[in-house]
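Since the structure comes first, as structure tokens, the remarks are kept for the end.
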Amino acid sequence: MELSTEQVLERDIPWETYMTTNFISRTCLQLLRNYDKKPHDYKAQLLQEDGLSYVGEFLNILENIHKQETVEYVVALIDEMIQANSERAKLFHDKSLSIEKTYSLFLRLLMNNSQFVQEKSCKILTSIVSARQKIINGETSNLKKTSPNTNDVLKCLVNWLCAELQLKKPLPSNLSRSSPTAISCLATLLKEPVVKAFFVHSNGVRLLVPFINPPFIQPSIQLVYETCFCVWLLSYYESAIEHLATSKALPRLMDVAKNSTAEKVVRVVIMTFQNMLAKGIFDSQMIQLDLSELVQSLKIQIWSDEDLLDALNQVDENLNKIKTLKSFEIYKQEVLLGRLYWTSIRKDSAFWSNNIAHFEENNFQILRVLITILDTSCDPRALAVACFDLSQFIKHHIDGRFIVTKLNAKERVMKLLDHKNDEVTKNALLCTQRLLLGRKYANFF
């Protein structure tokens, strides 16, 4: 059975016994007697007057006392304190304290046997490490400017959060408290570029996307919002875009917007669409999924949020622009810009058969660009996609094998058969087979 904060804070902790056994000082005991089990307003007054002393004593208790019930109690007190006023997280950066020791303490507690302690420690650590930004900006003169191991702390946090997302299935019957905690902490941490990098590198986007669920699946509107907020933050990060484009992020976000009445949820989804439109690689998905129809239905609803209304109008305007482009124009634009991704349009056999004649335009310009990419690109994804596109041309064009060979693509493709990336070698092999065996046997591969 999972513990709640209320259950933990109902406990009576034997502070006097801890003092007589020298685990805490008499001063600490006096502070705890004044603070423990008191009304929230009274606690707030004590923290306003002497918050640093309380923070120091709470940290000392966690360092010296390892009894599980007490550790759970103290992390609950600290979390309660910070949740009531996030500015209190800056106290942990005071020059009188060792922020390195504080980071190490809560990183150790992330490995505690108690799930309650783990998630409280994650929330506390997220608040503390995020509070340093105001310190870095010089808003608080008596606090330390930064810590040399902050990136290590953030990396450990991201690893823990990814592990939690991996373990917890995003279904109402399975959602435990740790999944909302993980999402909530991510919504704070992903504001930092280095966290985005760690998260993407840890395959976090794939783990996050299944949590994008509409309210009828995930009844917690705050969790729906924070999940979509995480995706919005990631949509600013170039390295996350490919992962979002090749996942089910777009249809899931559309499902959320279609079934949500909460303005903040719809707003963050539409703002994510704005960022996606700017990248170009979502164009074909947006057309196929008929995002324009969803936007039109949202526009006729009554919204009080002006930012949402502006975003809807901008998305609608941009969608109308790309809708005027046919599928081949979208594809051509991607190739000429060198943006080769595994977009859904490439997997559509009808696209190739219906548009194969367009490849002859401008003296086979598209083919020449693809072959140039084979010569100049160091991106494994771009090389793999270019090989795939050439193989599709050979398959669908009656003279495809002859044309691609005449453009001197065979040697370039065959050089990639020894590439260190498996995706590149697989598609280079497919293209080579079609070059050697011709259109007659193309359908066998």
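The values are calculated or read from the model by the stated rules, or taken from the named source; none is laboratory data. None of these values were measured; they are calculated from a predicted model. Using ideal geometry, Cβ is built from the backbone for each residue, glycine included, and neighbour counts are taken over all protein chains shown. All accessible areas refer to the heavy atoms of the entire protein, side chains included, with ligands and DNA or RNA removed. Shrake-Rupley method; radii C 1.70, N 1.55, O 1.52, S 1.80 Å.
Counting each pair of different Cα atoms once, what's the Kirkwood radius of segment 344-436 in Å, rounded to one decimal?
13.0 Å
Per residue, what accessible area does the chain have, given a 1.4 Å probe and all protein chains present, in Å²?
Accessible area per residue: 47 Å².
May I ask you to derive the relative contact order of segment 24-105, considering only C-alpha pairs under 8 Å and at least 6 residues apart, and to give it as an integer percent?
28 percent
In segment 5-131, how many lysine pairs have Cα atoms under 20 Å apart, counting only pairs 8 or more places apart or on different chains?
Going through segment 5-131 pair by pair, I get 11.
Work out the P(r) tail for the chain: percent of alpha carbon pairs separated by more than 39 Å, whole number.
39 percent
So which aspartates and glutamates pass the test for Lys415, namely a Cα distance under 18 Å, with those fewer than 8 places away in the same chain ruled out?
Leaving aside aspartates and glutamates fewer than 8 places away in the same chain, those within reach of Lys415 are Asp375, Asp379, Asp389, Glu423.
Treating only the Cβ of Lys, Arg, Asp and Glu as charged (+1, +1, -1, -1), what charge dipole size does segment 1-73 show about its Cα centre? Round to the nearest 20 debye. Don't jump to the answer; show the numbers that get you there.
Details: 7 positive and 13 negative charges, 48 e Å.
I would put it at about 240 debye.
For Lys155, which aspartates and glutamates qualify as cross-link partners when the Cα separation must be under 14 Å and same-chain residues fewer than eight apart are set aside?
Partners within reach: Glu192.
With a 10 Å radius around each residue's Cβ, average the other Cβ atoms per peptide and rank 408-417, 69-78, highest first.
Ranking, from highest mean packing down: 69-78, 408-417.
When the chain is treated as a GNM, springs tying every alpha-carbon pair under 10 Å, which of Asn34, Asn362, Asn275 comes out with the largest mean-square fluctuation?
Asn362
Report Leu91's accessible area, 1.4 Å probe, all protein chains in place, as a number in Å² to the nearest 10.
50 Å²
Per residue of the chain, what 222 nm ellipticity follows from adding -39500 (n - 2.57) for every DSSP H run with n ≥ 4, rounded to the nearest 500?
Rounded to the nearest 500, it is -21000 deg cm²/dmol.
Check the straight Cα-Cα distances from Lys299 and name the aspartates and glutamates below 18 Å, setting aside those fewer than 8 residues away within the same chain.
Answer for Lys299, where 18 Å is the Cα cut-off: Asp255, Glu263, Asp290, Asp307, Asp310, Asp316, Glu317, listed by chain and number.
Would you report the distance distribution of C-alpha pairs in segment 1-48 as whole percents per 10 angstrom bin, up to the bin with the largest distance?
The percentages, shortest bin first, are 23, 41, 31, 4.
Ranked highest first by average number of other Cβ atoms within 10 Å, how do 290-302, 226-238, 54-66 line up?
226-238, 54-66, 290-302
Can you report the principal axis dimensions of segment 5-131 using only the alpha carbons, biggest first, rounded to whole angstrom?
Principal-axis extents of the Cα atoms in segment 5-131, largest first: 35, 34, 29 Å.
Can you give the charge dipole size of the chain about its Cα centre, rounded to the nearest 20 debye, using +1 on the beta carbon of Lys and Arg and -1 on the beta carbon of Asp and Glu? Please report the intermediate quantities before stating the final value.
Working: 52 positive and 50 negative charges, 313 e Å.
Its charge dipole is roughly 1500 debye.
What is the distance in Å between the Cα centroid of segment 271-344 and that of segment 5-42?
57 Å
What residue among Ile373, Asn427, Phe393 has its Cα farthest toward the positive end of the dipole of segment 344-436, where the charges are +1 on Lys, Arg and -1 on Asp, Glu, each on the Cβ?
Asn427
How high is the relative contact order of the chain? Use alpha-carbon pairs under 8 Å, at least six apart in sequence, and give a whole percent.
Here the relative contact order equals 8 percent.
Using a probe of 1.4 angstrom, how much of the accessible area of segment 300-445 is carbon and sulfur, in percent?
Using a 1.4 Å probe with all protein chains present, segment 300-445 comes out at 50 percent carbon and sulfur.
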